[in-house]
């Protein structure tokens, strides 16, 4: 299922609605990379609240997305990682590296607003 | 509760396998974070099938051993096999585009983990998780 991406000001919000296949995740990466340029986005929020599993492929793809978008001039925040998902990720040995995270959408938006640099 | 067999042919089947695994684990009596741990481990070994063997199956079965209850997960394929299992179980080792955390990660998530692999014949991974 394709992840819907909403535009809000110069932010893009991708809210994942259900479990994603590997192909869906790659599609999300390509969609965000393209839309970040088309809408001149400065911040991206990826809401993963609906994900009940984040395995090595999901984490690798989310990290790639944040790096690609950073190169396109936008900051990405991952929001909504569920407590049991975080627990399993840590036990598996997965880290998000330097990817920004926030508790939920509201906190994610606040984080992006604080990080705003004048253009 | 019976055995569930999930054929694995594509990335969509990975989701089916972990969904059915979570459901069975819930019936067995596992709770919250353990369900996520089991589903994540199933996701890793099912992806291993798709990535290296293209097709195979995941078998899910409840276990009863005296008063102990748990879940058994077996992933079988007839793919190329793993030449050096010890190397494959090292963090960061991958022959595909992965980050090499799949199999060692799944081992950390489960209580028991065993790989039987023969080059040219295929790989069988057996994992067990017991209710604490």
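Peptides B:38-44, B:17-23, B:3-9 ranked from most to least packed by the mean count of surrounding Cβ atoms within 10 Å: B:38-44, B:17-23, B:3-9. The C-alpha atoms of chain B define a longest principal axis, and helix B:32-48 lies at about 30 degrees to it.
Suppose a student asked you for the relative contact order of chain B, using Cα pairs under 8 Å spaced at least 6 residues apart; what percent would you report? Normalised by residue count, the contact order of chain B is 25 percent. The angle between the Cα long axis of helix A:22-38 and the longest principal axis of the Cα atoms of chain A comes to about 10 degrees, rounded to the nearest 10.
Do me a favour and compute the ellipsoid semi-axes for chain A from its Cα gyration tensor, root of five times each eigenvalue, largest one first, whole Å. If you can, show how the numbers build up before the last one.
Working: eigenvalues 94, 49, 33 Å².
They are 22, 16, 13 Å, listed largest first.
Derived from the Cα gyration tensor, the three semi-axes of the equivalent ellipsoid of the protein assembly as shown are 35, 20, 15 Å, largest first. For peptide B:11-19, the mean count of partner chain Cβ atoms within 10 Å of a residue's Cβ comes to 4. With q set to 0.14, 0.19, 0.20, 0.22 Å⁻¹, the log10 of I(q)/I(0) for chain B, from the Debye formula over equal scatterers at the Cα positions, is -0.56, -1.02, -1.12, -1.33.
Annotation: the residues B:107, A:114, A:29, sorted from fewest to most other C-beta atoms within 10 Å of their own C-beta, follow the order A:114, A:29, B:107. Relative contact order of segment A:5-104: 29 percent, from C-alpha pairs under 8 Å at least 6 residues apart in sequence.
Taking only the C-alpha atoms of segment B:17-84, Rg followed by Dmax gives 13.2, 39 Å. Shielding by partners for peptide B:39-51, expressed as the average number of C-beta atoms from other protein chains within 10 Å of each residue's C-beta, is 4. Extension gain for the segment residue A:87 to residue A:105, taken as residue separation times 0.36 nm less the Cα-Cα distance, is 4.4 nm to one decimal.
Which angle from 0 to 90°, rounded to the nearest 10, does the C-alpha axis of helix A:105-114 make with the longest principal axis of chain A? Once rounded, the angle reads 40 degrees.
Peptide B:25-38 has a mean of 3 when you count, residue by residue, the C-beta atoms of other protein chains within 10 Å of its C-beta.
Read the figures in this text as sums done on the coordinates, not as results from a lab. All values derive from a computational prediction rather than experimental measurement. We place every Cβ from the backbone using ideal geometry, glycine too, and count neighbours over all the protein chains shown.
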